[in-house]
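Q: Please read through the structure below; I'll follow up with questions.
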Amino acid sequence: MLLDSEQGFEVVAEASDVDSAKRYVRGHHPRVLVLDLNMPGGSSLQAIPTIREESPDTQIVVLTMQQEPAYAREALGAGALGYVLKEAADEELVQAVRNAAAGESYLNPRLGARIASEPPPGPPDDLSQREVDVLRLIALGHTNAEIAEQLYLSVRTVETHRSHIQQKLRLSTRAELVGYALERGLIGAPEDQTA
């Protein structure tokens, strides 16, 4: 509705899952795709390079609740031009879409400041990126079921990742995992998580 009401914009399609988004981009070749990171049907982050390859003139703006700098880094590294937090969408989405249409980037300013002040974390200690994602959510206090829902995995897969993480890091308790995540900058200190 926000984009529809904006002069000079035309919404050509809306997708409810990752596969539909890819299909609509192939069919419509929009100038800008606004992509939610939490869509059913697979990883939106992993879809970005495919979409850019299949429709090189389509610029991508990510719209998400994910405030962790790692997600923004990964989205921008995969080829997105914009990264907008849902909490600021009313003020920032139109500008981000305009920037992307002009081939210019847009990053939520508060998140940009956090990224600039932190060293880029890579997967530490032989953890895969998916294991890092699971570890981060464990450390933030999410249950296996909540992690499964957020990452579009089965609970069993999350349990397997958790087991591998604990084996690789030789840690057994949630408190140890939280401490590890804090030390490695995978999550902010508790006072940084209030907003």
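The values are calculated or read from the model by the stated rules, or taken from the named source; none is laboratory data. Note that the structure is a prediction, hence the values are computed from the model and not measured. Backbone-built Cβ (ideal geometry, glycine too); neighbour counts: all protein chains shown.
Q: Can you tell me how many residues in region 1-44 are hydrophobic (A, V, I, L, M, F, W, C) and surrounded by fewer than 15 Cβ atoms within 10 Å (Cβ to Cβ)?
A: Filtering region 1-44 down to residues hydrophobic (A, V, I, L, M, F, W, C) leaves 1-3, 9, 11-13, 15, 18, 21, 25, 32-35, 37, 39.
If we keep only those that are surrounded by fewer than 15 Cβ atoms within 10 Å (Cβ to Cβ) as well, we get 1-3, 11-13.
So the count comes out to 6.
Q: Condition check: surrounded by fewer than 13 Cβ atoms within 10 Å (Cβ to Cβ), of a type in the set (V, I, T) and not assigned by TED's automatic domain parsing to the domain that holds R52. Does T157 satisfy that? Write out each step before concluding.
A: Values: surrounded by fewer than 13 Cβ atoms within 10 Å (Cβ to Cβ): no; of a type in the set (V, I, T): yes; not assigned by TED's automatic domain parsing to the domain that holds R52: yes.
Judged against the criteria, T157 is not a match.
Q: Do you know which of the residues in region 51-65 that are assigned to a loop (DSSP other than H, G, I, E, B) and either of a type outside the set (S, T, N, Q) or not assigned by TED's automatic domain parsing to the domain that holds A78 (or both) is surrounded by the most Cβ atoms within 10 Å (Cβ to Cβ)?
A: Quick first cut of region 51-65, residues assigned to a loop (DSSP other than H, G, I, E, B) only: 55-58, 65.
Next, only the ones that are either of a type outside the set (S, T, N, Q) or not assigned by TED's automatic domain parsing to the domain that holds A78 (or both) stay: 56-57, 65.
On the way: P56: 10, D57: 10, M65: 12.
Looking at the filtered set, the residue picked out is M65.
Q: Going through L93, L81 one at a time, which residue ends up being in contact (Cβ under 8 Å) with a residue 60 or more places away in the chain and crowded, with 20+ Cβ neighbours inside 10 Å?
A: Details: L81 fails: in contact (Cβ under 8 Å) with a residue 60 or more places away in the chain.
Just one listed residue meets the conditions, L93.
Q: Kindly provide the set of residues from region 14-50 that are part of a helix (DSSP H, G or I) and over 20 Å from L151 (Cα atoms), ordered by number. Show your work before the answer.
A: Residues of region 14-50 that are part of a helix (DSSP H, G or I), as a first pass: 18-28, 44-50.
If the condition is that a residue be part of a helix (DSSP H, G or I) and over 20 Å from L151 (Cα atoms), then R23, Y24, V25, R26, G27, H28 are the ones that fit.
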